[in-house]
Every structure is written in C-alpha cells, then in structure tokens.
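Remarks on the structure that follows.
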Amino acid sequence: MGVGLHSGSRVAIKLHPAEAGTGIVFKRVDLVGGGAEIPARWTNVIDSRMCTVIADDSGVSVATVEHLMSAFYGLGVDNVVVEINGPEVPAMDGSAYPFVFLMECAGLIELDAPRQAIRIRKPVSYANGAKLVSVEPAEVGLTVDFEIDFRAAAIGRQSCSVAVDTESFKIDVSRARTFGLLSDVTALREAGLARGGSLENAIVVDGDRILNDDGLRHANEFVLHKALDAIGDMYLTGHPIIGRFLGRCSSHADTAKLMRQVLADPSAWELVELRTDMLAPAWREPMALAAIA
Ligand SMILES: [Zn+2]
C-alpha cells in the first residue's frame, strides 16, 4: 500500500506467481467487470513524459511502472501478475528497493522453461538536442552508462557505469530515489502531477541544498536513479538485454524513442535463448525464469 507520486491516489499492489510465457502483466482489480489486464510491453506505452504509463485498448492505464519493472529486471523476474487497485504504482520511498525487499521476502521460484534475451546486434542512437541515448552490442549482459548535468549545484555533473546483475542492482541501483527540483514541484502540482510527492518518496533539491534531512544514499544517487529508470523502461521490451546502453541527460521519453527505433529495425537485434555465458559473471542463478512464490 502506498501513494502514487503523480496522482496522489492510495493504491495497493499484490504480486502473483505466473506461468512461463505469461510475461509481466498488470491487472486493474478496482474496475467493474473483474479487471483489465495490461501486459507491460512497449506496444502498450501511451505516455512517457513524466513517468512511464501503460494502457490497454480501452484506455485503462497504470502509471509509473518503471521502478517496479526495474526491480523485476534486477531480480530476473520474467513472469508475474501485478494486481493493482488504482491508476498508479505506489511511489514507496521513490526507489525500487522496497519492491526488491518484498520479492526477496516472498521468494522466487525457477520455472522449467528457457529464458530469452534481446541481443543488440548494431549500434542505434537517438539524439534530441543535448540529450543522447544509444545502445550498442556487448559480449555479455547489460551495462548501463549514464551521465547527467544539472544546473542545480547539489546535483551537478554525475555519471555511472553499471554492469547489471542481481548484486549490483540491489546494492548500487535499487536504493537510488527519484528526485525533483523544488522549483519544479510547484509547476508539476499546477499541472496536476506530483500530488503524492514528498520528502518521503523523493529527493528534493533547491540549488546547492538537499532538503531531505537524511541526505543521500549514494554520492551519485541522482544518476543511479536515471540508470534505474532506464533499466525499467528497457524491460518493457519483455526480455533482458545483452548490450550496452548509454544515456546522456536523457529522459523516459528518449529511452522510449530509442527502444522503439531498435525494435522497428530487425537488423538491430535478435531474440536469443539466454545462456549462462551471456550474462554478467556475478549474476546469480542465471537461468532462473522466475515467478513470485
Ligand atoms: Zn524514476
């Protein structure tokens, strides 16, 4: 149970185990008629300006799926039904860690089916002014490189390079919280967004000051959160990725454009059966096709 960052709605989610081949499916159980099912796939993304929103054909939507999607990627969860009784995934503490913690408490089971991955076969990039996103082939696993440069001195220039596996995800990425500038919070609220935003579920920055009493969880927490978002957004391809992602000052919308560009070009990627030697060496239980127990 928690509050949606943008809608401010109080929402509960429940993760259910699912069979191999189900994928990740969101199910709105608060609607008349038993609930609409929305597969977490690129083809269902209807908005990625502030957060990533998916919807079914009739327009029933779930917003801010990216942090939960990122947690699924980090833990190697391919099949799960996410029951949700409102329009937005709860913000929790602004990071993916509460989802990781809850899934680890519930436990994961390995399914008797091969995992498939998307292997990037050639470089693809998308530039939008100073923003740049790209993917390129890699030998093993997914590496996410990210760079940001904010005028607010408390953020400034930061970069990270994460070879994504369960340990690096849990330790470096999952605890990084979303963030906002104090000046933007007013504008967002006027636009009907960030209604549930607070110091409980976001880092708030004003110039060179961080308003949260406890400060930061990592020196480069801001850019690590951008990596968290990119991992979650890329998992809307439905598969783990073998390749290197670079984001420079980019947003959800840029990642969405890039991934659409990649998927539209059959020579840019291929679906492969995932073998242990294709993953980062530290990835635990590499062949797990997992569901929530
Ligand atoms: Zn985020």
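The values are calculated or read from the model by the stated rules, or taken from the named source; none is laboratory data. Bear in mind the structure is a predicted one, so any value in this text is a computation, not a measurement. Here the Cβ is made from the backbone with ideal geometry for all residues, glycine too, and neighbour counts use every protein chain on show. In case anyone asks, the SASA skips ligands and DNA or RNA and just uses the protein heavy atoms, side chains included. Shrake-Rupley method; radii C 1.70, N 1.55, O 1.52, S 1.80 Å.
Annotations for the structure displayed:
- Carbon-plus-sulfur accessible fraction, the chain (probe radius 1.4 Å, protein heavy atoms only): 50%.
- For the chain, the solvent-accessible area with a 1.4 angstrom probe is 44 square angstrom per residue.
- Where GluC sites (Glu not before Pro) fall in DSSP loop in region 1-104, at most 11 other Cβ within 10 Å: 19
- Helical content alone sets the calculated 222 nm signal of the chain at -6000 deg cm²/dmol, taking -39,500 (n - 2.57) per DSSP H segment of four or more residues and averaging over every residue.
- Modelled FRET efficiency - R0 45 Å, residue 30 with residue 271, Cβ distances, 0.05 increments: 0.85
- D by Stokes-Einstein for the chain, Kirkwood Rh over Cα pairs, 4 °C, 1.567 mPa s: 68 µm²/s.
- Normalised by the number of residues in the chain, the mean separation of alpha-carbon contacts (under 8 Å, six or more apart) gives a relative contact order of 30 percent.
- Here the translational diffusion coefficient of region 122-178 follows from Stokes-Einstein with Rh set to the Kirkwood radius across Cα pairs; for 4 °C and 1.567 mPa s it amounts to 97 µm²/s.
- Region 11-80 and region 201-224: distance between their alpha carbon centers, rounded to Å: 28
- Approximate spin-label separation residue 43-residue 151, in nm, with each point projected 7 Å along Cα-to-Cβ: 4.3
- Among the listed pairs 122/257; 131/257; 226/257, no Cα-Cα separation exceeding 20 Å is found.
- Taking the charge dipole of the chain about its Cα centre, with +1 at Lys and Arg Cβ atoms and -1 at Asp and Glu Cβ atoms, the residue from 205, 84, 29 reaching farthest to the positive side is 205.
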